[in-house]
Amino acid sequence: MSKPDWSQTSTDYARHRHGFPGRFYDMIAREKLFAPGMRALDIGTGTGTVARELARRGGAVLGLDPAPGQIAAARGLAAREGLSARFEEGLAERTGQ
């Protein structure tokens, strides 16, 4: 069985996958699961939809994904949006945590 190459879908993800609605982020803030200034790790970030929104709302965010194409797309989207989220290629199983 072959593994999917998520880098091949990065352009489509960046263009068409918009993420969760704003009310989702409002709910996690209301429940005190996120607040400006908090650090967040988005594992399997893809093109960074969650990471970028948390950064937009004041979080210090690291997005982690094994697909280099997804990381490149996330970095490009964050730069265009003027966001300071960090994106790195890697696996959750190898974070050392």
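Explain nothing, just the number: relative contact order of the chain, from Cα pairs under 8 Å at least 6 residues apart, as a whole percent.
Values: 149 pairs, mean separation 26.2, N = 97.
For the chain, the relative contact order is 27 percent.
Between 0 and 90 degrees, the angle of helix 68-80 with respect to the longest Cα principal axis of the chain falls at about 40 degrees. Relative protection proxy for 63-73, 43-53, 26-36, 85-95, from highest mean packing down: 43-53, 63-73, 85-95, 26-36 (other beta-carbon atoms within 10 angstrom).
Carbon and sulfur: what percent of the chain's accessible surface (1.4 Å probe)?
Working: 3430 of 6570 Å².
The computed percentage sits at 52.
The values are calculated or read from the model by the stated rules, or taken from the named source; none is laboratory data. Being a predicted model, the structure only gives us computed values, none of them experimental. Here the Cβ is made from the backbone with ideal geometry for all residues, glycine too, and neighbour counts use every protein chain on show. Ligands, DNA and RNA are excluded from the accessible area calculation, which covers all protein heavy atoms including side chains. Shrake-Rupley method; radii C 1.70, N 1.55, O 1.52, S 1.80 Å.
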